[in-house]
Amino acid sequence: MPLPKWKERFTYDDYCTWPDDERWEIIDGVAYDMSPAPIPVHQRIVLNLAGMIREILKGKTCVPFISPIDVVLSEYDVVQPDIVVVCDPNKVTEKNIQGAPDLVVEVLSPSTTKKDRREKRNLYEKHGVKEYLLIDPDGLYVERYLLQENGRYAIGEIIDAQEKLAFQSLPGVEVELKEVFEIEAPAEE
(Lines give C-alpha, C1' and ligand atoms only; values in the text may rest on other atoms or scores of the structure.)
Protein backbone atom coordinates (compact mmCIF):
# COMPACT_ATOMS: atom_id res chain seq x y z
CA MET A 1 0.00 0.00 0.00
CA PRO A 2 1.27 3.48 -0.73
CA LEU A 3 1.96 5.74 2.20
CA PRO A 4 -0.54 8.52 2.73
CA LYS A 5 0.54 11.87 1.29
CA TRP A 6 3.79 12.72 3.08
CA LYS A 7 3.57 15.05 6.00
CA GLU A 8 5.95 15.79 8.85
CA ARG A 9 3.53 14.41 11.44
CA PHE A 10 0.21 12.70 10.85
CA THR A 11 -2.79 13.29 13.12
CA TYR A 12 -5.99 11.47 13.91
CA ASP A 13 -7.81 13.87 11.54
CA ASP A 14 -5.46 12.78 8.70
CA TYR A 15 -6.03 9.14 9.64
CA CYS A 16 -9.81 9.57 9.31
CA THR A 17 -9.39 10.59 5.64
CA TRP A 18 -7.47 7.47 4.60
CA PRO A 19 -9.23 4.65 2.67
CA ASP A 20 -11.28 2.25 4.83
CA ASP A 21 -9.88 -0.77 3.00
CA GLU A 22 -6.33 -0.01 4.20
CA ARG A 23 -5.09 -0.55 7.77
CA TRP A 24 -2.72 2.00 9.27
CA GLU A 25 -1.50 3.01 12.70
CA ILE A 26 0.04 6.31 13.78
CA ILE A 27 2.69 6.35 16.50
CA ASP A 28 4.07 9.76 17.47
CA GLY A 29 2.79 11.10 14.14
CA VAL A 30 4.54 8.43 12.03
CA ALA A 31 2.27 6.30 9.80
CA TYR A 32 2.78 2.52 9.85
CA ASP A 33 1.23 0.25 7.21
CA MET A 34 -0.34 -2.83 8.80
CA SER A 35 -0.06 -5.20 5.85
CA PRO A 36 0.21 -8.05 5.23
CA ALA A 37 -2.84 -9.50 6.94
CA PRO A 38 -2.20 -11.76 9.95
CA ILE A 39 -1.61 -15.46 9.32
CA PRO A 40 -4.04 -18.14 10.60
CA VAL A 41 -2.06 -19.08 13.75
CA HIS A 42 -2.02 -15.40 14.75
CA GLN A 43 -5.79 -15.15 14.31
CA ARG A 44 -6.45 -18.39 16.21
CA ILE A 45 -4.45 -17.12 19.19
CA VAL A 46 -6.33 -13.79 19.14
CA LEU A 47 -9.69 -15.54 18.88
CA ASN A 48 -8.86 -18.08 21.61
CA LEU A 49 -7.60 -15.52 24.12
CA ALA A 50 -10.26 -12.90 23.41
CA GLY A 51 -12.98 -15.54 23.68
CA MET A 52 -11.68 -16.77 27.03
CA ILE A 53 -11.42 -13.24 28.41
CA ARG A 54 -14.90 -12.38 27.11
CA GLU A 55 -16.42 -15.44 28.75
CA ILE A 56 -14.80 -14.68 32.13
CA LEU A 57 -15.78 -10.99 32.00
CA LYS A 58 -19.44 -11.53 31.05
CA GLY A 59 -21.64 -9.28 33.13
CA LYS A 60 -18.70 -7.22 34.42
CA THR A 61 -17.66 -3.65 33.62
CA CYS A 62 -14.54 -4.57 31.64
CA VAL A 63 -15.08 -5.31 27.95
CA PRO A 64 -12.67 -6.95 25.46
CA PHE A 65 -12.33 -5.86 21.82
CA ILE A 66 -10.34 -7.35 18.93
CA SER A 67 -8.69 -5.66 15.98
CA PRO A 68 -9.54 -3.82 13.90
CA ILE A 69 -10.70 -1.19 16.39
CA ASP A 70 -9.12 2.23 16.68
CA VAL A 71 -7.55 3.12 20.00
CA VAL A 72 -6.97 6.87 20.03
CA LEU A 73 -4.32 7.63 22.65
CA SER A 74 -3.63 11.19 21.47
CA GLU A 75 -3.92 13.37 18.37
CA TYR A 76 -0.69 11.73 17.08
CA ASP A 77 -1.20 8.18 18.35
CA VAL A 78 -3.82 5.85 16.87
CA VAL A 79 -3.30 2.08 17.04
CA GLN A 80 -5.20 -1.12 16.38
CA PRO A 81 -3.92 -3.69 18.91
CA ASP A 82 -4.89 -7.34 18.47
CA ILE A 83 -6.85 -7.36 21.76
CA VAL A 84 -7.73 -4.59 24.19
CA VAL A 85 -9.75 -4.66 27.38
CA VAL A 86 -11.37 -1.45 28.60
CA CYS A 87 -12.78 -1.19 32.11
CA ASP A 88 -13.94 2.45 31.92
CA PRO A 89 -17.10 2.55 29.78
CA ASN A 90 -16.60 6.30 29.20
CA LYS A 91 -13.58 5.47 27.00
CA VAL A 92 -15.71 3.50 24.53
CA THR A 93 -17.34 5.77 21.94
CA GLU A 94 -19.46 4.99 18.89
CA LYS A 95 -16.37 5.21 16.65
CA ASN A 96 -13.38 4.12 18.75
CA ILE A 97 -11.73 3.81 22.13
CA GLN A 98 -10.51 7.12 23.54
CA GLY A 99 -7.60 6.78 25.96
CA ALA A 100 -5.56 3.96 27.39
CA PRO A 101 -7.14 0.51 27.68
CA ASP A 102 -6.43 -1.43 30.88
CA LEU A 103 -4.94 -4.34 28.91
CA VAL A 104 -3.33 -4.45 25.46
CA VAL A 105 -2.29 -7.69 23.75
CA GLU A 106 -0.19 -7.93 20.59
CA VAL A 107 0.52 -11.26 18.89
CA LEU A 108 3.98 -11.04 17.33
CA SER A 109 4.54 -11.56 13.64
CA PRO A 110 7.75 -11.13 11.64
CA SER A 111 6.55 -7.87 10.08
CA THR A 112 5.57 -6.21 13.39
CA THR A 113 7.83 -7.66 16.11
CA LYS A 114 10.27 -4.74 16.27
CA LYS A 115 7.48 -2.15 16.30
CA ASP A 116 5.53 -4.08 18.97
CA ARG A 117 8.59 -4.49 21.19
CA ARG A 118 9.92 -0.96 20.86
CA GLU A 119 7.56 1.72 19.56
CA LYS A 120 4.35 0.24 20.91
CA ARG A 121 5.83 -0.73 24.27
CA ASN A 122 7.06 2.86 24.74
CA LEU A 123 3.73 4.24 23.52
CA TYR A 124 1.64 2.12 25.89
CA GLU A 125 3.91 2.95 28.81
CA LYS A 126 3.70 6.68 28.01
CA HIS A 127 -0.11 6.60 27.90
CA GLY A 128 -0.57 4.49 31.04
CA VAL A 129 -1.67 1.07 29.77
CA LYS A 130 -1.61 -1.03 32.96
CA GLU A 131 -0.67 -4.34 31.36
CA TYR A 132 0.93 -5.00 27.97
CA LEU A 133 1.29 -8.56 26.66
CA LEU A 134 3.36 -9.73 23.71
CA ILE A 135 2.47 -13.24 22.57
CA ASP A 136 5.09 -15.16 20.62
CA PRO A 137 3.36 -17.89 18.56
CA ASP A 138 6.70 -19.41 17.49
CA GLY A 139 8.40 -19.43 20.91
CA LEU A 140 5.14 -20.37 22.69
CA TYR A 141 5.41 -17.80 25.46
CA VAL A 142 3.90 -14.52 26.66
CA GLU A 143 6.03 -11.53 27.60
CA ARG A 144 4.27 -9.27 30.12
CA TYR A 145 4.93 -5.65 31.04
CA LEU A 146 3.21 -4.17 34.11
CA LEU A 147 2.94 -0.44 34.77
CA GLN A 148 4.51 0.53 38.09
CA GLU A 149 3.57 3.42 40.39
CA ASN A 150 6.33 5.54 38.81
CA GLY A 151 4.55 5.30 35.43
CA ARG A 152 7.18 3.00 33.93
CA TYR A 153 6.97 -0.64 32.93
CA ALA A 154 8.84 -3.16 35.04
CA ILE A 155 11.23 -5.52 33.29
CA GLY A 156 9.30 -7.97 31.13
CA GLU A 157 8.19 -11.24 32.67
CA ILE A 158 8.13 -14.43 30.55
CA ILE A 159 5.23 -16.84 31.00
CA ASP A 160 5.56 -20.24 29.33
CA ALA A 161 2.81 -21.91 27.30
CA GLN A 162 2.44 -24.65 29.94
CA GLU A 163 1.61 -22.09 32.66
CA LYS A 164 -1.50 -20.18 33.67
CA LEU A 165 -1.65 -16.48 32.90
CA ALA A 166 -3.27 -14.46 35.70
CA PHE A 167 -3.98 -10.95 34.45
CA GLN A 168 -2.81 -8.26 36.86
CA SER A 169 -5.04 -5.59 35.27
CA LEU A 170 -8.12 -7.84 35.47
CA PRO A 171 -8.35 -9.34 38.97
CA GLY A 172 -9.79 -12.84 38.98
CA VAL A 173 -9.13 -13.42 35.29
CA GLU A 174 -6.72 -16.23 34.41
CA VAL A 175 -6.34 -18.52 31.43
CA GLU A 176 -4.46 -21.71 30.59
CA LEU A 177 -1.92 -20.69 27.95
CA LYS A 178 -1.83 -24.20 26.45
CA GLU A 179 -5.47 -23.58 25.44
CA VAL A 180 -4.60 -20.20 23.95
CA PHE A 181 -1.75 -21.76 21.93
CA GLU A 182 -3.77 -24.95 21.23
CA ILE A 183 -1.04 -27.29 22.42
CA GLU A 184 -1.28 -30.60 24.21
CA ALA A 185 -0.34 -30.83 27.86
CA PRO A 186 2.80 -32.91 28.48
CA ALA A 187 2.11 -36.56 29.24
CA GLU A 188 2.18 -37.49 32.94
CA GLU A 189 4.93 -39.93 33.87
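The values are calculated or read from the model by the stated rules, or taken from the named source; none is laboratory data. Predicted, not measured: the structure shown is a model, and the values here were computed from it. Glycine also receives a Cβ, built like all others from the backbone with ideal geometry; neighbour counts cover every protein chain displayed.
Across segment 3-55, which residue is nearest to Gly99 (Cα to Cα) among those that are over 18 Å from the mean Cα position of the chain (by Cα) and either among the β-branched types (Val, Ile, Thr) or not in a loop (DSSP other than H, G, I, E, B) (or both)?
That would be Tyr12.
What pairs come up if the first residue lies in segment 1-15 and is under 16 Å from Asp28 (Cβ atoms), the second is surrounded by fewer than 15 Cβ atoms within 10 Å (Cβ to Cβ) and modelled with pLDDT under 65, and their beta carbons are under 9 Å apart, counting only those six or more places apart or on different chains?
Asp14/Lys5
For Ser169, which of the numbered conditions (1) under 15 Å from Pro64 (Cβ atoms); (2) without any contact (Cβ under 8 Å) to a residue 60 or more places away in the chain fails to hold?
All conditions pass for Ser169, except number (2).
Check Glu55, Glu22, Glu106 and return the single one that is acidic (Asp, Glu), touching a strand residue (DSSP E or B) at 6+ places or on another chain (Cβ under 8 Å) and farther than 22 Å from Tyr124 by Cα.
Checking each option against the conditions leaves just Glu22.
Name every residue in segment 62-71 that is touching a residue at least 40 places away in the same chain (Cβ under 8 Å) and either surrounded by fewer than 16 Cβ atoms within 10 Å (Cβ to Cβ) or of a type in the set (A, V, I, L, M) (or both), in order of residue number.
The answer is Pro68, and nothing else.
Please name all residue pairs, on different chains or six or more residues apart, with Cβ atoms under 7 Å, provided the first residue is in segment 111-132 and is at positive phi and the second residue is modelled with pLDDT of 95 or more and crowded, with 17+ Cβ neighbours inside 10 Å.
Matching pairs, first to second residue: Gly128/Ala100; Gly128/Leu147.
In segment 31-61, what count of residues is obtained for those that are aliphatic (A, V, I, L, M), within 27 Å of Glu75 (Cα to Cα) and free of Cβ contacts under 8 Å to residues at least 40 places away in the same chain?
2
Out of all the residues in segment 81-95, which are surrounded by fewer than 16 Cβ atoms within 10 Å (Cβ to Cβ) and assigned to a loop (DSSP other than H, G, I, E, B)?
Within segment 81-95, Asp88, Thr93, Glu94, Lys95 qualify.
Filter segment 148-164 down to the residues that are of a type in the set (A, V, I, L, M, F, W, C) and assigned to a loop (DSSP other than H, G, I, E, B) and list them by number.
The answer is Ala154, Ile155, Ala161.
Identify the single condition in (1) in a helix (DSSP H, G or I); (2) under 17 Å from Gln98 (Cβ atoms) that Val78 does not satisfy, given that it satisfies every other one.
With (1) in a helix (DSSP H, G or I); (2) under 17 Å from Gln98 (Cβ atoms) applied to Val78, the lone miss is (1).
Restricting to segment 97-147, name every residue that is out of contact with any Leu (no Cβ under 9 Å at 6 or more places or on another chain), surrounded by fewer than 16 Cβ atoms within 10 Å (Cβ to Cβ) and assigned to a loop (DSSP other than H, G, I, E, B).
Pro110, Ser111
Condition check: touching a Gly at 6+ places or on another chain (Cβ under 9 Å) and of a type outside the set (A, V, I, L, M, F, W, C). Does Arg152 satisfy that?
no
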